[in-house]
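The values are calculated or read from the model by the stated rules, or taken from the named source; none is laboratory data. All of these numbers come straight from a predicted model, not from anything done at the bench. Don't worry about glycine lacking a Cβ; one is built from the backbone with ideal geometry, like all the others, and counts go over all protein chains shown.
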Amino acid sequence: MKSRLAVLGAALLFLQPLTAQYRTALPGYRFEFPRDYFDHPDFQTEWWYYTGNLKSSTGHRYGFELTFFRAAVSRDAVPSETWDVKDLYLTHLALSDLDGRHFYYKERVNRAGPGIAGVSASKGRVWNGNWQIQWQGTDQKLDAVEREFQLNLNLHPQKPPVVHGENGVSQKSGGAGQASYYISLTRLAASGELELNGEKLEVSGLAWMDHEFFTHQLDPDQIGWDWLSLQLDDNTELMLFRIRRKNGSVDPYSAGTYIDLQGKSTHLRAADFMLQPLTESWTSIDTRATYPIAWKIAIPKLEIELEVHTALAAQELVGKTKIAPSYWEGAIYLEGKRGKASLGGVGYLEMTGYDRPVRLSPQP
């Protein structure tokens with residue numbers, strides 16, 4: 001849903017006394033680009049989220065994730081000292097070697113300090129150390145350097161930005177402001193270089209970008225979610241999320257978006273689609289969480305029926321700090337049909353709250 005606060009839930013519990021100082025997501029916001037690709041300090045939380053499926057020149061498959069989170073700590077307009085903390089920047093970097101069956105994952109947390117991490121609209125940049133997104137007009141350059149692997153990708157949008165939800169807000173639970181402003185670039189042509197264990201590979205494929213900003217979202221009875229970004233072979237896309245409640249039911253605020261060939265989006269309410277786990281699952285040796293890694297999707301009004309599978313079961317990001325709970329986020333592939341025609345594609349699946357409930361909103 002791209003509600004990525006599975007990652008920041010613990011931090012927000014600590015910071016909840018500050019939430020009244022921040023704006024909430026309400027209908028009537030006027031989106032402007034490129035402005036809204038960058039930071040919104042009037043909101044307590046936001047993230048920039050990149051995932052994609054790549055192939056090398058030999059057909060070897062990879063998935064990647066680079067996610068920047070900003071969690072506000074202080075409303076001070078200008079920190080009095082260089083090292084004062086106004087925002088925390090948490091970043092996750094992951095590479096899925098799908099055919100080699102290996103998952104690489106790194107995490108870092110920084111304050112802005114003297115330019116260590118941050119977001120700059122004037123520079124067109126989002127960064128945390130040597131992991132960064134650099135905007136170049138409407139294109140973006142993704143660079144991330146780690147000891148085991150390095151990604152250098154050019155990202156070119158093939159469709160305009162999508163605003164998810166209704167009336168400009170993606171509502172996640174009942175009550176005014178229990179929502180986010182949520183935008184995506186759903187089909188980015190990706191090309192560049194992957195260096196893995198000393199070997200340089202030319203890669204290409206498709207990527208997806210989410211940017212979301214808000215102050216409140218879930219209520220105490222909502223314990224987690226299952227989210228998918230789907231890039232179909234017929235040049236259309238889907239975003240779907242299913243919020244799970246304590247009693248095991250699916251929350252009525254679950255929703256999605258369908259994007260057609262021209263980039264026009266259609267909002268999907270919970271009653272418009274089925275997102276159901278199949279029997280295949282994977283249990284983490286680190287968290288003991290069991291994740292359903294195969295799913296069935298049906299959207300009757302679009303005549304779409306799909307099954308979701310993954311080539312690599314072990315794609316769990318295990319939180320290494322107190323502000324980073326664990327979650328499963330990985331590359332997937334799709335098989336199914338639209339009407340009588342076969343339909344496939346690729347995408348990403350996120351599952352949160354399987355090791356313990358996600359806590360995002362102030363408790364009564």
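Listing for the model above:
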{"item": "Residue check for G263: among the small types (G, A, S), under 25 Å from W47 (Cβ atoms), buried (at least 23 other Cβ atoms within 10 Å of the Cβ) and at pLDDT 95 or above", "result": "no"}
{"item": "Positions within the range 194-232 being of a type in the set (D, E), more than 21 Å from D251 (Cα to Cα) and surrounded by 15 or more Cβ atoms within 10 Å (Cβ to Cβ), in sequence order", "result": "E195, D210"}
{"item": "Answer residue from the range 268-312, given it is in contact with a Ser or Thr (Cβ under 7 Å, 6 or more places away or on another chain), assigned to a loop (DSSP other than H, G, I, E, B) and of a type in the set (V, I, T) and is surrounded by the most Cβ atoms within 10 Å (Cβ to Cβ) among those", "result": "I293"}
{"item": "The range 213-249, subset of a type in the set (S, T, Y) and not in a strand (DSSP E or B), residue nearest to D87 (Cα to Cα)", "result": "T215"}
{"item": "Lone qualifier among S249, S265 - being polar (S, T, N, Q), free of Cβ contacts under 8 Å to residues at least 40 places away in the same chain and either over 22 Å from G63 (Cβ atoms) or in contact with a Ser or Thr (Cβ under 6 Å, 6 or more places away or on another chain) (or both)", "result": "S249"}
{"item": "Filtered residue count, the range 127-145, keeping only those that are surrounded by fewer than 16 Cβ atoms within 10 Å (Cβ to Cβ) and either among the small types (G, A, S) or in a loop (DSSP other than H, G, I, E, B) (or both)", "result": "4"}
{"item": "Residue under evaluation W225, criteria (1) modelled with pLDDT under 95; (2) over 14 Å from the mean Cα position of the chain (by Cα); (3) among the aromatic types (F, W, Y), criterion not met", "result": "(2)"}
{"item": "The range 328-362, residues that are at pLDDT 95 or above and either β-branched (V, I, T) or closer than 16 Å to L66 by Cα (or both)", "result": "W328, E329, G330, A331, I332, V346, G347, Y348, L349, E350"}
{"item": "Lone qualifier among Y29, Y37, Y105 - being of a type outside the set (A, V, I, L, M), within 23 Å of V346 (Cβ to Cβ) and in contact (Cβ under 8 Å) with a residue 60 or more places away in the chain", "result": "Y105"}
{"item": "Tally of residues being out of contact with any Lys or Arg (no Cβ under 7 Å at 6 or more places or on another chain) and more than 20 Å from R30 (Cα to Cα) across the range 173-204", "result": "17"}
{"item": "Scope the range 251-267; condition assigned to a strand (DSSP E or B) and out of contact with any helix residue (DSSP H, G or I) (no Cβ under 7 Å at 6 or more places or on another chain); matching residues", "result": "G256, T257, I259, S265, T266, H267"}
{"item": "Condition check for E166: surrounded by fewer than 15 Cβ atoms within 10 Å (Cβ to Cβ) and over 30 Å from A255 (Cβ atoms)", "result": "no"}
{"item": "Filtered residues of the range 282-297 (kept if more than 14 Å from E350 (Cα to Cα), of a type outside the set (D, E, K, R) and touching a Leu at 6+ places or on another chain (Cβ under 8 Å))", "result": "I297"}
{"item": "Residue list for the range 233-246, filter: farther than 30 Å from Q134 by Cα and either buried (at least 21 other Cβ atoms within 10 Å of the Cβ) or free of Cβ contacts under 8 Å to residues at least 60 places away in the same chain (or both)", "result": "R242, I243, R244, R245"}
{"item": "Sole residue being of a type in the set (S, T, Y), surrounded by fewer than 14 Cβ atoms within 10 Å (Cβ to Cβ), on the phi < 0 side of the Ramachandran plot and modelled with pLDDT of 95 or more, chosen from S74, S96, S122, S80", "result": "S122"}
{"item": "Residue that is nearest to L194 (Cα to Cα), among those in the range 107-117 that are assigned to a strand (DSSP E or B) and at pLDDT below 95", "result": "E107"}
{"item": "Selection count, the range 40-54, where residues are among the charged types (D, E, K, R) and not in a strand (DSSP E or B)", "result": "1"}
{"item": "Tally of residues being assigned to a strand (DSSP E or B), of a type in the set (S, T, Y) and either touching a Cys at 6+ places or on another chain (Cβ under 9 Å) or surrounded by fewer than 21 Cβ atoms within 10 Å (Cβ to Cβ) (or both) across the range 313-354", "result": "2"}
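Yes/no matrix, rows are residues, columns are (1) under 15 Å from W48 (Cα atoms); (2) within 18 Å of the chain's Cα centre (by Cα); (3) among the aromatic types (F, W, Y):
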position: S120; (1), (2), (3): yes, no, no
position: N128; (1), (2), (3): yes, yes, no
position: L185; (1), (2), (3): yes, yes, no
position: G192; (1), (2), (3): no, no, no
